[in-house]
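Engineer: Pasting in a structure now, in structure tokens, and then I'll have a few things to ask.
The values are calculated or read from the model by the stated rules, or taken from the named source; none is laboratory data. These numbers were taken from a predicted model, which means no experiment stands behind them. Backbone-built Cβ (ideal geometry, glycine too); neighbour counts: all protein chains shown.
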Amino acid sequence: VADYLRQLYPALDDKLILRSGGENWQGLRQLVLADSLLSEDFRAKMMSLLDDDVNVGTKKWRMQQWELYPYLYQRYYPSLRSALACILYTSEHREEVLYLLDVEGVSVADSMAQTVAGKDSLPRLAVDTWQETSKAVYLRSNLLCPLMHVGVEFPLGRAYSLGFDYAYPWLMRRPDHRNCFQMLAWSMEARYWWAADGSMLGHSLGLDLGVAYYDVERQFQGRQGELLSVAAVYRYAWPIFNERWHLHVGLSLGYVFSVAQPYDVFVSGGKAYRRAYTQRWQYLGPTECEIALVLPIKWRKVL
């Protein structure tokens, strides 16, 4: 930053003051101790390196040889590297402020001088901070429903996220109309992450609201209907493939309400005939099991 300012304003060369805080090894130690995703073996290995009586260059070189160095670089370095620029500006000129008062039609002008900079006043302080911010979107698919489920999740701050899912397990529709399993489902999920560090990893608890259309048939007897569901979702997530992907494992427990239309198929391959009544049914218990592969899509910008 100093070199950039010197190029733009050569007259400031002798007025720039730089103060460096050095490398924040203590901050790195605190982050490693607080990271719940690190194994105890790696944490002990990291502490041993930080306590080792070797020069800084050797420590850096050893860390760069580790398989988890990309994880350390992406997760810790943005918070350990920061800069602050302060510009002090003072103005020594005096200016007059003219006040006009109108009292019952009579104009009264009162002039007074006000010192805007001097020994009894404070200079104006302008502070600019350069901060790198990152944005992310997480695309996911439940491997237990391969190629028939897609979801997207958006972080809301460092501890919360909001996700939307679409599932279409259009698995079976035999030509003889004997058996059938088809469903179209949409859901929205609000989630809290215990780590609260913006990584969307570790333990989490969410609330899921869903709607679906379905057609389920067995041995020429079936039901078509709509359902509403409310469920609590527990999920655990961890990074894989050098944190390029995440793996989620989760279980949902909730309540389902449905209105269905029973039907029958009397001739193999024939039409479905609805019965003259509808059925209402309710369910309380496990609603979904998930093993999901998640792709984080991240981008950065400088403010």
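Engineer: Specify the residue that is modelled with the lowest pLDDT; the eligible residues are those in segment 258-303 that are among the hydrophobic types (A, V, I, L, M, F, W, C) and surrounded by 14 or more Cβ atoms within 10 Å (Cβ to Cβ).
Structural biologist: It comes out as Ala272.
Engineer: What do you reckon, is Val256 out of contact with any Lys or Arg (no Cβ under 9 Å at 6 or more places or on another chain) and closer than 22 Å to Arg191 by Cβ? Please lay out each step first, then the result.
Structural biologist: Numbers: out of contact with any Lys or Arg (no Cβ under 9 Å at 6 or more places or on another chain): yes; closer than 22 Å to Arg191 by Cβ: yes.
Here the answer is yes, as Val256 does meet what is asked.
Engineer: Sticking with this structure for a sec: Here is a list of conditions, (1) hydroxyl-bearing (Ser, Thr, Tyr); (2) free of Cβ contacts under 8 Å to residues at least 40 places away in the same chain; (3) within 21 Å of Cys145 (Cβ to Cβ), and Ser229 meets all of them except one; can you say which number that is?
Structural biologist: (2)
Engineer: Counting just the residues of segment 52-72 that are of a type in the set (A, V, I, L, M, F, W, C) and part of a loop (DSSP other than H, G, I, E, B), which one comes out surrounded by the most Cβ atoms within 10 Å (Cβ to Cβ)?
Structural biologist: My answer is Leu68.
Engineer: Mind listing whichever residues of segment 255-303 are under 30 Å from Asp176 (Cβ atoms), small (Gly, Ala, Ser) and either outside the structural domain of Gln219 (by TED's automatic domain parsing) or not in a loop (DSSP other than H, G, I, E, B) (or both)?
Structural biologist: Ser258, Ala260, Ala272, listed by residue number.
Engineer: Here is a follow-up. Can you tell me which residue among Val216, Val233 is modelled with pLDDT under 90, touching a strand residue (DSSP E or B) at 6+ places or on another chain (Cβ under 9 Å) and not in a loop (DSSP other than H, G, I, E, B)?
Structural biologist: From the options Val216, Val233, the qualifying one is Val216.
Engineer: Determine whether Leu251 is farther than 30 Å from Pro70 by Cα, touching a residue at least 12 places away in the same chain (Cβ under 8 Å) and not aromatic (Phe, Trp, Tyr).
Structural biologist: yes
A quick yes/no check of all residues on (1) polar (S, T, N, Q); (2) surrounded by 13 or more Cβ atoms within 10 Å (Cβ to Cβ):
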site	(1), (2)
Leu16	no, yes
Gln26	yes, no
Leu33	no, no
Leu37	no, yes
Leu49	no, yes
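Engineer: Restricting attention to segment 24-66, which residues are of a type in the set (Asp, Glu) and without any contact (Cβ under 8 Å) to a residue 40 or more places away in the chain?
Structural biologist: Listed by number, the residues that qualify are Glu40, Asp41, Asp51, Asp52, Asp53.
Engineer: Just give me the residues in segment 32-65 being among the small types (Gly, Ala, Ser) and over 26 Å from Leu201 (Cβ atoms), in sequence order.
Structural biologist: Gly57
Engineer: Going by the conditions given, is Gly222 at pLDDT below 90 and in a loop (DSSP other than H, G, I, E, B)?
Structural biologist: Judged against the criteria, Gly222 is not a match.
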